[in-house]
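The numbers here are math on the coordinates, done by the rules we state, and not lab data. Please read these numbers as outputs of a predicted model, since none were measured by experiment. Neighbour counts run over all protein chains shown; Cβ positions are idealised from the backbone, glycine included.
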Amino acid sequence: MWNELNEAAEFLRREWNNPKPEIGLILGTGLGPLMEQMQDTQVLPYSAIPHFPRSTVQSHAGELHLGKLGGFTVLGMKGRFHYYEGYSLPEVVFPVRVMGLLGIQHLLVTNAAGGVHPDMEIGEIMMITDQINLLGDSPLSGPNLDQLGPRFPDMHEAYDPIWCAHFRQAAQQLNIRMHEGVYAALKGPALETPAEYKWVRGVGADAVGMSTVPEVLAARHMGICCAGFSAITDLGVPGRIRKVLIQDVIRAAEQAGEAMGQIILSGLQSAQRKA
Ligand code: HPA
């Protein structure tokens with residue numbers, strides 16, 4: 001795995017003439033348009049990068065973008081890998097580790113999620129302040145890759161409080177309502193039953209989805225600071241649970257995505273000014 005990660009990183013260094021990315025960006029379902037705001041962008045399909053997993057989901061393009069966003073040099077993943085697609089968790093986090101080897105110090109992750117906090121409405125945004133791994137597995141299980149990080153990585157500030165403060169302030173200034181809370185990941189691909197939503201709420205989550213947790217585990221293992229946002233695309237709140245159609249999820253994510261993009265851009269710009 002170490003050799004494969006390095007071959008992928010070395011390939012990208014050569015192709016892109018020794019890039020110096022500062023931030024990694026992973027955009028979830030319906031949240032892609034933020035990538036279009038990147039400037040001076042160079043793009044490579046995942047299929048061109050040695051050892052990169054291949055996308056199975058048609059709607060996920062599977063491209064790595066290098067460009068400028070909010071004053072930072074950003075590596076953006078258009079299309080991510082999910083555990084439910086059959087990838088192993090080390091495959092799911094392979095691109096994050098490659099971005100880490102290329103030098104990113106921050107990772108920004110977005111996703112679509114079901115809201116289980118009773119104050120939430122469809123189309124709203126939640127900034128992730130902590131996470132719960134309900135996948136029953138970890139990308140860090142098995143022999144530790146000591147070159148990447150420690151056997152027992154600390155997770156007490158999995159989502160960086162300083163970065164969160166920038167985004168909180170950005171949302172306030174933009175007058176956008178933004179929840180803050182705990183994201184729990186289940187494997188899926190079926191959505192939750194009402195009993196499962198109740199259970200997820202009971203263990204301390206505010207939103208539930210099928211991604212993000214592995215990527216943040218791999219990033220924290222490497223000492224990378226993380227931030228994350230969920231688009232609340234449906235509700236797992238008793239009395240308000242409806243049949244979930246994927247088109248509705250995409251529509252709600254697109255609705256939330258516009259405001260989310262504004263918060264991210266403005267938060268990055270304020271982080272850049274203070275850097
Ligand atoms: N559960 C799990 N994943 C999801 C959901 C949900 O309700 N909505 C969007 N992704």
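A few comments on the model shown:
- Pairs of Cα atoms farther than 13 Å apart, region 74-127, %: 69 percent
- Loop sites in region 99-194: GluC sites (Glu not before Pro), DSSP, at most 10 other Cβ within 10 Å: none
- Region 201-213 - phi-based ³J(HN,Hα) in whole Hz, Karplus 6.51/-1.76/1.60, Gly and Pro as x: 4, x, 7, x, 8, 10, 8, 9, x, 10, 8, 6, 4
- Normalising the Debye intensity of region 97-181 to I(0), with uniform scatterers on Cα atoms only, and taking log10 at q = 0.16, 0.21 Å⁻¹ returns -0.86, -1.22.
- Considering region 1-134 at the alpha-carbon level, its Rg and Dmax are found to be 15.3, 50 Å.
- Volume per residue of the C-alpha convex hull in region 141-275, rounded to whole Å³: 138 Å³
- For region 175-187, the Karplus equation 6.51 cos²θ - 1.76 cosθ + 1.60, evaluated at θ = phi - 60°, returns couplings of 6, 10, 6, 9, 6, 10, x, 9, 9, 10, 10, 10, 5 Hz by residue, with Gly and Pro reported as x.
- The loop-placed trypsin sites (Lys or Arg not before Pro) in region 144-203, going by DSSP, that have at most 13 neighbouring Cβ atoms within 10 Å of their Cβ come out as ARG151, ARG177, LYS187.
- Phi angles of region 222-232 translate, via the Karplus equation with coefficients 6.51, -1.76, 1.60 and θ = phi - 60°, into HN-Hα couplings of 8, x, 7, 6, 10, 9, x, 9, 10, 8, 7 Hz per residue; Gly and Pro are given as x.
- For GLU180, the residues 5 or more places off, or on other chains, whose built amide H falls under 5 Å of its own are MET127.
- Working note: Cα atoms of the chain, range along each principal axis, descending, whole Å: 55, 41, 36.
- Computed over region 191-268, the percent of Cα pairs more than 14 Å apart is 71.
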